[in-house]
Amino acid sequence: MNRSSLSRELALRIGLAARALPDTSPKLFVSVLRACAGPLLDERKIAQLGEAQLQQALGNFGVTTDAGTVRNALDLLQHPATQTQPAPQPRLADLPGSILVAVGSDDPQRVVGHFGSCRHFLVYQVSAGEARLIDVRSVDSEAQRRHDDKNAYRAQLIADCRVLYVGSIGGPAAAKIIKYGLHPIKTEQGEAINQVIHQLQSVLSQTPPPWLAKSMGMAPAARICFEQES
């Protein structure tokens, strides 16, 4: 069975699910699925897949991951991608205490995938009381290929942002992001974007950490811990 025999919808979901898994290309993920469900993939067989079955098959192909990540990937695989992202709105020039926040994800509703492989960055203007999508910045694969440093190219796309939410990011890429003044934060794969934005708003409404207060144009108050996975 070749890729063209998959429905467009199923091929999209396979791609999204693969991006939610570590070191798993869509081609490799199709091989994993065939090992689970047979060579002819269809909606019925995909709907019958279980978490334990998928995790075992991934392990057989050398992909080691936790149950939560497998669960999120399976959810992306089995549920039609019918939700769409609202169109970007104009940036508010007179919104005090706001910062730009980037979300690296190819799913318009959830944080899915890896910093180095996602095709889009959703950019939000966020303050304690307001959050709006103002831009969707797409990775130009040809421009990225010509760039000396893929991570630097991606960082430059969102260099005006102060926070980056992403499902996965490696150490060298995180270091590159920090050099551009961004604060990378890893979330759970598949976590709702509106949830992480709401959590950030809660931080902004209280006592932001010094680095964030400076970005907001505020005088830093007492230092607090802003939770982050390195």
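The values are calculated or read from the model by the stated rules, or taken from the named source; none is laboratory data. No experiment lies behind these values; they were computed from the predicted model shown. Cβ placement follows ideal geometry from the backbone for every residue including glycine, while neighbour counts extend to all protein chains displayed. In case anyone asks, the SASA skips ligands and DNA or RNA and just uses the protein heavy atoms, side chains included. Shrake-Rupley method; radii C 1.70, N 1.55, O 1.52, S 1.80 Å.
Count, please, the residues in the stretch 146-194 that happen to be over 15 Å from Ser105 (Cβ atoms) and not in a loop (DSSP other than H, G, I, E, B).
Qualifying residue count for the region: 17.
Between Gln89, Gln78, Gln125, which is over 23 Å from Ala174 (Cβ atoms), polar (S, T, N, Q) and surrounded by fewer than 14 Cβ atoms within 10 Å (Cβ to Cβ)?
Working: Gln78 fails: surrounded by fewer than 14 Cβ atoms within 10 Å (Cβ to Cβ); Gln125 fails: surrounded by fewer than 14 Cβ atoms within 10 Å (Cβ to Cβ).
Just one listed residue meets the conditions, Gln89.
Can you pull out the residues in the stretch 108-136 that are more than 16 Å from Ile158 (Cβ to Cβ) and charged (D, E, K, R)?
Narrowing the stretch 108-136 to residues more than 16 Å from Ile158 (Cβ to Cβ): 108-110, 112, 127-132.
Answer for the stretch 108-136, where residues must be more than 16 Å from Ile158 (Cβ to Cβ) and charged (D, E, K, R): Arg110, Glu130, Arg132.
For Gly171, which of the numbered conditions (1) open to solvent by 70 Å² or more (accessible area, probe 1.4 Å); (2) modelled with pLDDT of 90 or more; (3) under 16 Å from His114 (Cβ atoms); (4) not hydrophobic (A, V, I, L, M, F, W, C) fails to hold?
Here Gly171 clears every test but (1).
Residues that are more than 30 Å from Ala35 (Cα to Cα), crowded, with 18+ Cβ neighbours inside 10 Å, touching a Gly at 6+ places or on another chain (Cβ under 6 Å) and in contact (Cβ under 8 Å) with a residue 24 or more places away in the chain: does the stretch 103-122 have at least one?
Yes, the stretch 103-122 has at least one match.
In the list Ala67, Ala52, Ala87, Ala93, which residue meets the criterion of being of a type in the set (A, V, I, L, M) and touching a helix residue (DSSP H, G or I) at 6+ places or on another chain (Cβ under 8 Å)? Step through it out loud before you land on a result.
Values: Ala52 fails: touching a helix residue (DSSP H, G or I) at 6+ places or on another chain (Cβ under 8 Å); Ala87 fails: touching a helix residue (DSSP H, G or I) at 6+ places or on another chain (Cβ under 8 Å); Ala93 fails: touching a helix residue (DSSP H, G or I) at 6+ places or on another chain (Cβ under 8 Å).
Only one candidate qualifies: Ala67.
Every residue in the stretch 19-68 that is of a type in the set (Gly, Ala, Ser) and either in a loop (DSSP other than H, G, I, E, B) or open to solvent by 60 Å² or more (accessible area, probe 1.4 Å) (or both), please. Steps first, please.
Residues of the stretch 19-68 of a type in the set (Gly, Ala, Ser): 20, 25, 31, 35, 37-38, 47, 50, 52, 57, 59, 62, 67-68.
Answer for the stretch 19-68, where residues must be of a type in the set (Gly, Ala, Ser) and either in a loop (DSSP other than H, G, I, E, B) or open to solvent by 60 Å² or more (accessible area, probe 1.4 Å) (or both): Ala20, Ser25, Ala35, Gly38, Ala47, Gly50, Ala52, Gly62.
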